[in-house]
Every structure is written in C-alpha cells, then in structure tokens.
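Colleague: Okay, handing you the structure first.
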Amino acid sequence: MLQDTETERALQSYEDPLANAAGLDPNAIRLYIVDDQSVNAFVAEGQNMFLQTGIILYVHNRNELVGVMAHETGHIRAGHLSRGTQAMRKAYVPMLASTLLAVAAMIAGAGSAGMAIMGLGEQAAVESLVKFTYVQEGTADQIGMKLLTATHQSGLGMLNVFRRFANEEAMSSNGAPQFWQTHPVGQDRIEYLQRLVDASPYRDIKDNPTDEHEFEMVQAKLAGYVLPVAEVLNRYPLTNTSEVARYARAMAYMRKPDLPAALQEVNGLLKDEPKNPYFYEVLGQIYVSMADPMRGITEYQKAVDILPDAPELRVELAAAQIAAEKPALSKLAVDNLELALRQGHEDEDGFAWFESAQAYSDVGNEPMANLATAERSYLNGEMPKASEFANRAMKGLPPGSPEWQKASDLYSMSGSERQKDQD
C-alpha cells in the first residue's frame, strides 16, 4: 500500500460526491492505493475500494479515473460484495463434486477419465462465475452512469476506458490489462455504455482546468515515485518545462538518487507555488535523505503549518525530529505523533506507531514505548510480540488509566488471536 496525502485527498474528492449520490456514507468508504503496475481497481468487503497504481497511470484524464471509481462505487451500492461470496461458493459446488468423482475414477484405474471429469467441473465453475460477473458488471455500469449524471459529470471517461480495454484485448496476443480480465468487456457492453452516455445531458461536460491540473500533478508525482527513472524521463523529458513534468522529474531524481537535481526541480516549483504544502514535503524528504534532518524539519514544519489536519505530514515531521537526536525535538515528536494518530486511523498506521515507540523511548517513557510497539505488532499480525509488549506496558502504566486499559485490551485481543491460530 502507498500512503500520500496529496494523492489520497484528490481521490477522496472524486469519490465523496459519488458516494453521496449513491446514498452511501463517504466516511465509510475507504480508499487504498496499491503499489502494483497492473491496470486494475476493485472493491472488497467493508466498502473498501482499491486503486492500483497501474490504473491511475493508465487513464488519460481525471474524468476517466472518476468513471472507473463510479463503476466501483456501483458495485458497493448494489451490494455485490456479499453476493459475490455467495456466487463463489455456488460455483465451487460442481467443481468439488467433479473432484470427488475424478478421485474415484483415478482410484479405479481410469486416470485419464478422472482428469477429464475434473476439467469439466472446473469449466462448469468458471462458466457459473462468468455469468454472474457479467450481470454484476452491467449493474455496476448502470449505477455508475447514474451517479455521474447525478453529480453533473460526463460518462465519456468510463466509456473510453472500457473501449480501450476491449480494443487492446482484441489486438494483443498477451491479453488485455488485468482490469479487463476481472471486468469482462464485450461489444454489447460497449454499445450499452454508449447509449447511457448519449442519453446523459452532461455528456460533453469537461472538468474545469484547475481540477484537471490537480489530477495531472497527482499522476506525475505517482509516475515519478513508482516508474523506472528512465521511463519517467521519457514520459516527462527535460524539454517539457511544465509544472507537471518538473514534479515528476523531482520525484524520479529523488529516487535515483540524484538529490542536487531533485533540489533544483523542487526549488523551481516552490518559486511558482510558494504555498504548496506538498512541495515542502518533498523538500523535507530530500534533506532527510541527504542526512540533514534539521533542514528537513524546517521544510516539513512549513508543510504542516499550511496543512495542519494532515496526519501523514505530521508523522513525517516527527520522524525528522527523531532523526535529529535532540531531546527537545523528541518531545515535540511525541506531541506530533499523538496528534497525528488522533487525526488519522490508529488501526492502520503501523509507521506512526513505530515512530511513536522510538520517540517515547527517547524521552524515557518506556511503558508508552512498549504500548506503541504492541500496537504496531498487533497491526502486523505479530500476536506473540503484541501480547508480550502489551503485558510490559501494563506493568509500567497506572492501573485503570486509559493507556493501561488500551494495553489490557491489546493483551486480551492478541491472546485471543493466538489461540485462534493454535486452534
């Protein structure tokens, strides 16, 4: 998983209107960025939407990505998550039955017949799932288009993405992108989408230039972070002096690493946008990478001052403060981490708990350091370690205090999970 405040906030701004239009609670839909270059997006139980980096870099503009997200929101609105599990179980019935028959045939000496029976069972299971998937995909398309219309957005983006998938599958001997394989696209589906798009009064509505620029910046930042450096420089050559291209190159140079070149690009960006918190974030990261955490702290602090409600920026600031190895800064790091964990998702941010353990240890608060380690271990599924450090924390914390109660809960939960594993 990738975490980036700028990207996450942009994606959330795309999803919130769609969720509201669908009658869903936007706060209940969790967006995740998966560091995977295959072109795919999907939803999972609990209203979780996963966007792989491949799909974000594949789309041509903001409207296309919003179209993909509208389709996935359609799956959530239609309740396909729980129904998909039921369909999977139903599809496995013929496969399991054929497996039993095949084993019986093999025992009786008919090995080739047994393999043939097993193959028929697998084919029946696949056909059952494909039929179910086609129905679900059509429903998600229809709902997605309604959501786009309700939010006064064009459906052309969704149509164009699916049309490209169909064309690429037809032309490629290696098959289409992963998204196509999990979201099968037939000509009838393209024609149906075309009718829905043509019927919308917002068919020709374009995203405003500010929103499109925001998307291009996010896409460039992501490209610079995940693609090979040579590919980034080919996609955003030095002859391209736009803000978008310089942002992509700054990220690529930082990874290479060519830190002087990265500094030059970021400082140029800050001349154009001196109040952009994400540029200061990158600058802080560069200085920390150059083993100069004090200068990194200065830049991270500027980012946090501009965007005080961004927990990830505050965690980065705290990490730089810890790296400076100064007691006074370690105390500030503790304050920043406690605030960041309250602002964000305590049940997901393992890095924040890791830094918290270090910060508490630096200021001599070992019971809280043990509690932070227990939290991180529990998130990582390391139940024996979580149980051990929760127990240590309980022994050092005031009995009955909120922190002691949290350690007690962790001790009980980790012990319960360990017992489940043993069972």
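The values are calculated or read from the model by the stated rules, or taken from the named source; none is laboratory data. Note that the coordinates shown come from a computational prediction; the quantities given were computed from them, not determined experimentally. No Cβ is skipped: glycine too gets one built from the backbone with ideal geometry, and neighbour counts run over all protein chains shown.
Colleague: Taking K275, is it assigned to a loop (DSSP other than H, G, I, E, B), more than 20 Å from A369 (Cβ to Cβ), charged (D, E, K, R) and at pLDDT 95 or above? Spell out the reasoning first.
Modeller: On the way: assigned to a loop (DSSP other than H, G, I, E, B): yes; more than 20 Å from A369 (Cβ to Cβ): yes; charged (D, E, K, R): yes; at pLDDT 95 or above: yes.
It is true that K275 is assigned to a loop (DSSP other than H, G, I, E, B), more than 20 Å from A369 (Cβ to Cβ), charged (D, E, K, R) and at pLDDT 95 or above.
Colleague: I'd like the residue in the stretch 5-25 that is of a type in the set (G, A, S) and touching a Leu at 6+ places or on another chain (Cβ under 6 Å) and, out of all such residues, is surrounded by the fewest Cβ atoms within 10 Å (Cβ to Cβ). Before the answer, list the steps.
Modeller: Taking the stretch 5-25 as the starting set, the residues that turn out to be of a type in the set (G, A, S) are 10, 13, 19, 21-23.
Then keep just the ones that are touching a Leu at 6+ places or on another chain (Cβ under 6 Å); that gives 21-22.
Values: A21: 20, A22: 22.
Among those that are of a type in the set (G, A, S) and touching a Leu at 6+ places or on another chain (Cβ under 6 Å), it is A21.
Colleague: Among the residues of the stretch 397-411, write down those that are touching a Leu at 6+ places or on another chain (Cβ under 8 Å) and over 15 Å from M383 (Cα atoms).
Modeller: Filtering the stretch 397-411 for residues touching a Leu at 6+ places or on another chain (Cβ under 8 Å) gives 397, 403-404, 406-407, 410.
Residues satisfying the conditions are L397, E403, W404, K406.
Colleague: Then there's this: Of the residues P209, P201, P177, which single one is modelled with pLDDT of 90 or more and either within 30 Å of D4 (Cβ to Cβ) or under 20 Å from the mean Cα position of the chain (by Cα) (or both)? It would help to see each step written out before you state the result.
Modeller: Details: P201 fails: either within 30 Å of D4 (Cβ to Cβ) or under 20 Å from the mean Cα position of the chain (by Cα) (or both); P177 fails: modelled with pLDDT of 90 or more.
Exactly one residue qualifies, and that residue is P209.
Colleague: Do you know which residues across the stretch 367-386 are over 20 Å from V315 (Cα atoms) and charged (D, E, K, R)? Lay out the reasoning, then the answer.
Modeller: First, pick out the residues of the stretch 367-386 that are over 20 Å from V315 (Cα atoms): 367, 381-386.
Once the filter is applied, which keeps residues that are over 20 Å from V315 (Cα atoms) and charged (D, E, K, R), the stretch 367-386 yields E382, K385.
Colleague: Would you tally the residues in the stretch 259-287 being more than 24 Å from P228 (Cβ to Cβ) and either in contact with a strand residue (DSSP E or B) (Cβ under 7 Å, 6 or more places away or on another chain) or surrounded by fewer than 16 Cβ atoms within 10 Å (Cβ to Cβ) (or both)?
Modeller: Of all residues in the stretch 259-287, those more than 24 Å from P228 (Cβ to Cβ) come to 267, 270-277, 280, 284, 287.
Then keep just the ones that are either in contact with a strand residue (DSSP E or B) (Cβ under 7 Å, 6 or more places away or on another chain) or surrounded by fewer than 16 Cβ atoms within 10 Å (Cβ to Cβ) (or both); that gives 267, 271-275.
Within the stretch 259-287, residues that are more than 24 Å from P228 (Cβ to Cβ) and either in contact with a strand residue (DSSP E or B) (Cβ under 7 Å, 6 or more places away or on another chain) or surrounded by fewer than 16 Cβ atoms within 10 Å (Cβ to Cβ) (or both) number 6.
Colleague: Scan the stretch 333-380 residue by residue and report those that are surrounded by fewer than 20 Cβ atoms within 10 Å (Cβ to Cβ) and assigned to a loop (DSSP other than H, G, I, E, B).
Modeller: Across the stretch 333-380, the qualifying residues are G344, H345, E346, D347, E348, V363, G364, N365, N380.
Colleague: Within the group L332, L339, L379, which residue is without any contact (Cβ under 8 Å) to a residue 60 or more places away in the chain and either of a type outside the set (A, V, I, L, M) or closer than 21 Å to M1 by Cα (or both)?
Modeller: Details: L332 fails: either of a type outside the set (A, V, I, L, M) or closer than 21 Å to M1 by Cα (or both); L339 fails: either of a type outside the set (A, V, I, L, M) or closer than 21 Å to M1 by Cα (or both).
After ruling out the rest, the residue left standing is L379.
Colleague: When only residues in the stretch 47-57 that are among the aliphatic types (A, V, I, L, M) and within 13 Å of the chain's Cα centre (by Cα) count, which is surrounded by the fewest Cβ atoms within 10 Å (Cβ to Cβ)?
Modeller: The qualifying residue surrounded by the fewest Cβ atoms within 10 Å (Cβ to Cβ) is M49.
Colleague: Tell me the residue from Y287, Y300 that is farther than 21 Å from R9 by Cα and either out of contact with any Ser or Thr (no Cβ under 7 Å at 6 or more places or on another chain) or assigned to a helix (DSSP H, G or I) (or both), please.
Modeller: Working: Y300 fails: farther than 21 Å from R9 by Cα.
Checking each option against the conditions leaves just Y287.
Colleague: When you check G23 against the structure, is it within 30 Å of L379 (Cα to Cα), part of a loop (DSSP other than H, G, I, E, B) and not hydrophobic (A, V, I, L, M, F, W, C), yes or no?
Modeller: Details: within 30 Å of L379 (Cα to Cα): no; part of a loop (DSSP other than H, G, I, E, B): yes; not hydrophobic (A, V, I, L, M, F, W, C): yes.
Here the answer is no, as G23 does not meet what is asked.
Colleague: A further question follows. State the number of residues belonging to the stretch 26-46 that are assigned to a loop (DSSP other than H, G, I, E, B) and either within 13 Å of the chain's Cα centre (by Cα) or surrounded by 17 or more Cβ atoms within 10 Å (Cβ to Cβ) (or both).
Modeller: 6
Colleague: Counting only residues that are among the charged types (D, E, K, R) and surrounded by fewer than 18 Cβ atoms within 10 Å (Cβ to Cβ), which one in the stretch 244-258 is modelled with the highest pLDDT?
Modeller: So in the stretch 244-258, the residues among the charged types (D, E, K, R) come out as 246, 249, 255-256, 258.
Then keep just the ones that are surrounded by fewer than 18 Cβ atoms within 10 Å (Cβ to Cβ); that gives 255-256, 258.
Details: R255: 91, K256: 90, D258: 94.
Looking at residues that are among the charged types (D, E, K, R) and surrounded by fewer than 18 Cβ atoms within 10 Å (Cβ to Cβ), I get D258.
Colleague: Checking A220 against (1) surrounded by fewer than 18 Cβ atoms within 10 Å (Cβ to Cβ); (2) not assigned by TED's automatic domain parsing to the domain that holds G138, only one condition comes out false. Which one?
Modeller: The number of the failed condition is (1).
Colleague: Give just the number: which of (1) over 22 Å from the mean Cα position of the chain (by Cα); (2) more than 20 Å from Y247 (Cα to Cα) does M290 not satisfy?
Modeller: Exception for M290: condition (2).
Colleague: Still on this structure, please answer the following. With the condition kept exactly as written, say whether any residue in the stretch 316-332 is in a helix (DSSP H, G or I), under 18 Å from R9 (Cβ atoms), modelled with pLDDT of 95 or more and not aliphatic (A, V, I, L, M).
Modeller: If we filter the stretch 316-332 for residues that are in a helix (DSSP H, G or I), which is where we start, we get 316-323, 327-332.
Then drop every residue that is not under 18 Å from R9 (Cβ atoms), which leaves 316-317.
Within this subset, residues satisfying the condition of being modelled with pLDDT of 95 or more are 316-317.
Now drop any that are not not aliphatic (A, V, I, L, M), which leaves 316.
Yes - at least one qualifying residue is present in the stretch 316-332.
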